[in-house]
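This report concerns only the one structure given below.
The values are calculated or read from the model by the stated rules, or taken from the named source; none is laboratory data. No experiment lies behind these values; they were computed from the predicted model shown. With ideal geometry, Cβ positions are generated from the backbone for all residues, glycine too; neighbour counts draw on all protein chains shown. Just so you know, the surface numbers come from the protein's heavy atoms only, side chains and all, with ligands and any DNA or RNA stripped out. Shrake-Rupley method; radii C 1.70, N 1.55, O 1.52, S 1.80 Å.
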Amino acid sequence: MKAVTPIKPSMVRGPAALDVQRVRRDFPILSRRPDGRPFAYLDNAATTQKPRPVIGAMNRFYRRENANIHRGVYALSVRATEAYEKARAKVQRFIGASRPEEVIFVRGATEAINLVASSYGRSKLRAGDEVVITTMEHHSNIVPWQMVCAQTGAYLRIAPIDDAGKLDMDALEALIGPRTKIVAVTHVSNVLGTVNPIRRIVEVAHRQGAAVVVDGAQAAPHLPIDVAALGCDFYALSGHKMYGPGGIGALYGRYDLLKKMPPYQGGGDMIRSVSFEGTLYADPPQRFEAGTPHVAGALGLAAAVDYLDRIGMVHAAAYEQELLAYGTSRLTGVPGVRIIGTAPEKVGVLSFVVENIHPHDLGTILDVHGVAIRAGHHCAQPLMERFGVPATARASLAFYNTREEIDALVDAIGKAIEVFG
Ligand code: PMP
């Protein structure tokens, strides 16, 4: 059984029980030496690198196990079906869902949120209802709600954040009222690293009868997730952000809600029976998995989940907190650097701007020095507007990063300042 208390970064500070050099050997790409020099990959919020078991699981599937699932009567197809359903059960256990049917395989967090908006949102919302989101949302937790509001006549309400990038809980509570039907909030901001108090948000929303949709794309790579303890109604995951393959993700949905929701897409594999007079839909999760799924992706995601279980998310989080503290103090010491996102509860994401240097120029110079970061609006344009910047540079950490890589980042920023500053 998983612990029922969601672990926050502040609860996992302490000596790190993670051997980073050993962990790094699990990730073949990290030993890559372009131009014979070390390479610091600090763009983990965009996508994480893949450990051998994930690469191996997908390789093995295509070499030895490939068949389409659910409809085959021959042994290979039956085995592929079993493996796919076993992968679902692994994701279920990893996030603390109560049954495998609460896990729907999707392409990623974007599709997960679109599924909820199109199916739950469109059937639930009426003109004058409200959907509450926050200023720090990724576009994928803004645009689907704008679309469904336009279709239904509902209004989108935005909860503000403070200058540190912390959610204004008083303002959020004041916004959530009897007209609120959905509260959609990110667990962790991809720009600020802020960890939002999901359990409290769920309490407030449920008191008003609103459902809570959590964008967990940036939380699952950094924190242990327990949807039962969080109490949320929906939770969206992207495989590629949590050391798994691209093109696969998962939506957790409370079974009693899923059971009542209309399909998101129509097609094969989501039906019980079809005739020209009408169609009977399958139960969840099949109802929401029309078409041939990404079987290899699901197996790769299951391998990622097994890998993370072996590492231990608590150890990974503790190690990342140490690295974040080191990175924050090093960056703070560089004249002209301003960190954006200094909330007390945050994960290893360091967004910053450097005086007189556009983030894109900075990113290019850093690349020349073997440091990969992201520069831009990070699919969070309203958040950029909130901080009055067109873009930021962002170094985002994983448990395979090291202090030496942070030093390489800071040295390269120093070189960029020499050129532009
Ligand atoms: N939400 C957040 C907070 C993200 O950072 C991202 C990816 N940058 C997404 C959602 C969308 O994830 P995906 O592109 O994998 O669907």
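For segment 33-64, what are the residues that are at pLDDT below 95 and in a helix (DSSP H, G or I)? Can you show your working first?
Our first condition is that a residue be at pLDDT below 95; within segment 33-64, this holds for 33-39.
Within segment 33-64, 34, 35, 36 qualify.
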(request) Test residue 259 against the stated conditions and say whether it is away from the ligand (no atom under 13 Å from the Cβ) and of a type in the set (D, E, K, R). (result) yes
(request) Residue by residue through segment 213-249, note down the ones that are in contact with a His (Cβ under 6 Å, 6 or more places away or on another chain) and more than 19 Å from residue 312 (Cβ to Cβ). (result) 214, 246, 247, 248
(message) Considering only residues that are more than 16 Å from the ligand (Cβ to nearest atom) and open to solvent by less than 10 Å² (accessible area, probe 1.4 Å), which ones fall in segment 205-225?
(response) 205, 210, 211
(request) Would you mind telling me which numbered condition in (1) in contact with an Asp or Glu (Cβ under 9 Å, 6 or more places away or on another chain); (2) open to solvent by less than 30 Å² (accessible area, probe 1.4 Å); (3) within 25 Å of residue 139 (Cβ to Cβ); (4) not acidic (Asp, Glu) residue 374 fails? (result) (2)
(request) From the list 54, 103, 78, 91, pick out the single residue that is more than 16 Å from the ligand (Cβ to nearest atom), β-branched (Val, Ile, Thr) and in contact with a helix residue (DSSP H, G or I) (Cβ under 7 Å, 6 or more places away or on another chain). (result) 103
(request) Considering only residues that are closer than 18 Å to residue 196 by Cβ and assigned to a loop (DSSP other than H, G, I, E, B), look in segment 230-261 and name the one that is most open to solvent (accessible area, probe 1.4 Å). (result) 231
(message) Looking at segment 123-157 only, could you name the residues that are open to solvent by 10 Å² or more (accessible area, probe 1.4 Å), of a type outside the set (Ser, Thr, Tyr) and in contact (Cβ under 8 Å) with a residue 60 or more places away in the chain?
(response) 124, 138, 139, 142
(request) Give the residue that is farthest from the ligand (Cβ to nearest atom), with candidates limited to residues of segment 183-194 that are assigned to a loop (DSSP other than H, G, I, E, B) and within 13 Å of the chain's Cα centre (by Cα). (result) 193
